[in-house]
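Reviewing the structure listed below.
The values are calculated or read from the model by the stated rules, or taken from the named source; none is laboratory data. Predicted, not measured: the structure shown is a model, and the values here were computed from it. Cβ placement follows ideal geometry from the backbone for every residue including glycine, while neighbour counts extend to all protein chains displayed. Quick note on the areas: whole protein, heavy atoms, side chains included, nothing else; ligands and nucleic acids left out. Shrake-Rupley method; radii C 1.70, N 1.55, O 1.52, S 1.80 Å.
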Amino acid sequence: MIALLVVACEVAFWVLLAVGLALRYVARKPRLGAAVLLCEPLLEVVLLVVTAVDLKNGAEPDWKHGLAAVYIGFTVGLGHHTVKKVDAWVAHRWFGGPPPVKPPKYGTARAIHEWRTAARWILAAVVALGLLQAAVWYVGPDGAVSTLQGWQQKMGIVIGINLIIAGSYTLFPKQAPKNTDAVTDREPADRF
């Protein structure tokens, strides 16, 4: 049941996003659209409550409970950014808004962008870690919590990968290509 609820929450996330944006742009009711978008966190609250009740009723903690915690964490860490990006894309694509801002490609600006991206993913993983640890404590030392601890290890890997990626852009910044207009001393290829 928990796995189906996670899927239902994901589908509901995108449905609420579509309805909120439709109200904002098509119906020209931005406040009502914002109100619908503000309902999205209720999905995570429902998932959290149902997961806690399932564990309280004696369900053995398994991958589904871990998935619920991870889903909630990732929605907290990445949900707002996803809504903003989709909103900007919809506004540009169909309603004459400015084009979405593209991430920088080179140098310090790219490194800063990568650290911001990493911060969102790390926040998601930390929230998931906290929920997983709360579930471990909730189940208690007598319960089988190895699956939940396995999810915690995966979240540690997510944090590590994001630190490595952002750190690599800081230590080895991608440089802009050199100006190729300066190549004037070569003859065109069709000359002998």
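Regarding region 69-77, can at least one residue be identified that is surrounded by 14 or more Cβ atoms within 10 Å (Cβ to Cβ), of a type outside the set (A, V, I, L, M, F, W, C) and more than 30 Å from Thr147 (Cβ to Cβ)?
No, that holds for no residue.
Quick check on my filter: what residues within region 51-62 are open to solvent by 30 Å² or more (accessible area, probe 1.4 Å) and either polar (S, T, N, Q) or at pLDDT 95 or above (or both)?
Asn57, the sole residue that qualifies.
Search region 101-129 for residues being more than 17 Å from the chain's Cα centre (by Cα) and of a type outside the set (Lys, Arg), and hand back the single one that is surrounded by the most Cβ atoms within 10 Å (Cβ to Cβ).
It comes out as Ala111.
So, in region 170-189, how many residues would count as being part of a loop (DSSP other than H, G, I, E, B) and either open to solvent by 100 Å² or more (accessible area, probe 1.4 Å) or modelled with pLDDT of 85 or more (or both)?
Of the residues in that region, 13 qualify.
Can you name the residue in region 131-150 that is open to solvent by 40 Å² or more (accessible area, probe 1.4 Å) and small (Gly, Ala, Ser) and is also nearest to Gly77 (Cα to Cα) among such residues? Reasoning before the result, please.
Within region 131-150, the subset open to solvent by 40 Å² or more (accessible area, probe 1.4 Å) is 131, 133-134, 137-139, 141-142, 144, 146-147, 149.
Still in the list and also small (Gly, Ala, Ser): 134, 144, 146.
On the way: Ala134: 18, Ala144: 28, Ser146: 25 Å.
Ranking the candidates gives Ala134 first.
For the structure I just gave you, tell me whether Gln153 is more than 30 Å from Cys39 (Cα to Cα), in a helix (DSSP H, G or I) and either open to solvent by 90 Å² or more (accessible area, probe 1.4 Å) or basic (Lys, Arg) (or both).
So Gln153 passes the test.
Could we say that Leu23 is assigned to a helix (DSSP H, G or I), open to solvent by 80 Å² or more (accessible area, probe 1.4 Å), touching a helix residue (DSSP H, G or I) at 6+ places or on another chain (Cβ under 9 Å) and free of Cβ contacts under 8 Å to residues at least 40 places away in the same chain here?
no
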